[in-house]
């Protein structure tokens with residue numbers, strides 16, 4: 001049994017990869033510099049529930065009033081994210097974000113809300 005030898009043209013492969021990347025880029029919307037929560041949930045590579053956990057746990061660092069990149073709303077308003085700064089913050093704190101224990105977060109959130117009453 002003979003094995004057929006296949007020659008692969010690297011230039012052709014590079015061209016195919018580049019055309020696929022360009023197709024994906026053309027489909028991506030141009031994100032605004034400031035995003036609301038709904039836009040950010042569709043943008044971040046983790047769940048919306050985890051995004052809310054990040055906003056709750058790191059509120060002291062992320063709040064614009066403390067030099068952060070997220071506008072924390074008053075009742076009836078939406079979160080506003082400065083995308084470029086939030087991207088950099090996510091990059092710098094990626095391990096912290098993905099290792100959040102969501103069960104512990106739920107307990108902390110309930111305790112925090114109870115302390116406000």
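No value in this document is a laboratory result; all are computed from the given coordinates. Keep in mind the model is a prediction, meaning the values are calculated, not measured.
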Notebook entry, point to check: Which values of log₁₀ I(q)/I(0), to two decimal places, follow from the Debye formula for the stretch 31-116 at q = 0.21 Å⁻¹ with a uniform point scatterer at every Cα?
Noted result: -1.10
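Using Cα-Cα distances under 8 Å and only pairs 6 or more residues apart, what relative contact order does the stretch 31-116 have, in percent?
Taking the mean separation of contacting Cα pairs over the length of the stretch 31-116, I get 30 percent.
Report the extension gain between residue 88 and residue 17 in nm, rounded to one decimal, defined as 0.36 nm multiplied by the number of residues separating them, less their alpha carbon distance.
Computed gain between residue 88 and residue 17 is 22.8 nm.
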